[in-house]
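The values are calculated or read from the model by the stated rules, or taken from the named source; none is laboratory data. Here the structure is a predicted model, which is why all the values come from computation and not from measurement. All Cβ positions, even for glycine, are placed from backbone atoms using ideal geometry, and neighbour counts span all protein chains on display.
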Amino acid sequence: MIDIETTVFDAVYPYLSELVPDGSFVSEYVPAPASFPHVALTEIDNTPDAKTRDSGNAEWSSIVTFEAQVFATSRSECKAIAAALDEAMVGLMGFSKMMGQQIPNQPDVRIYRYVARFRRGVTRTGDMYKP
């Protein structure tokens, strides 16, 4: 498996560090965050790119999908964090944004929730490309 989760997380962190408190930017889903705003950025899909497969079925590259879930106490705070995520994922790292949507936060409707998904191809040496 080609794994760039730490690379992506480390690249995005500086874009969000001013917007979220310490410990509120995580790489796995947390059902009950300790503080808000809170951002979870997780790799939700890692599929070998069939276009680069050889006769030995070696994994030369993968198409990875990351999901960002933003939780905040105001809509404007949610939007500011979403904009910073776009700047980092699309602007800096060249991911394609597949979707971005405000979703009702069922456990507590007073908390705003925004979900976005980003996609990018990556080779086994870590080079990124448009799939």
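Of note:
- Within segment 39-131, strands (runs of 3 or more DSSP E) holding 2 or more residues that are within 15 Å of residue 5 (Cβ to Cβ) and touching a helix residue (DSSP H, G or I) at 6+ places or on another chain (Cβ under 8 Å): 61-72
- Inter-residue pairs, beta-carbon under 6 Å, first within 30 Å of residue 59 (Cα to Cα) and without any contact (Cβ under 8 Å) to a residue 60 or more places away in the chain and in segment 1-27, second assigned to a helix (DSSP H, G or I) and not hydroxyl-bearing (Ser, Thr, Tyr), 6+ apart: 27/9
- Scanning segment 1-23 for residues being surrounded by 12 or more Cβ atoms within 10 Å (Cβ to Cβ) and more than 14 Å from the chain's Cα centre (by Cα) gives a total of 5.
- Only one of the numbered conditions (1) surrounded by fewer than 14 Cβ atoms within 10 Å (Cβ to Cβ); (2) modelled with pLDDT under 90 is not met by residue 74, and that is (2).
Residue by residue, here is whether (1) of a type outside the set (Lys, Arg); (2) out of contact with any Asp or Glu (no Cβ under 7 Å at 6 or more places or on another chain); (3) surrounded by fewer than 12 Cβ atoms within 10 Å (Cβ to Cβ) holds:
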| position | (1), (2), (3) |
| --- | --- |
| 46 | yes, yes, no |
| 50 | yes, yes, yes |
| 67 | yes, yes, no |
| 79 | no, yes, no |
| 102 | yes, yes, no |
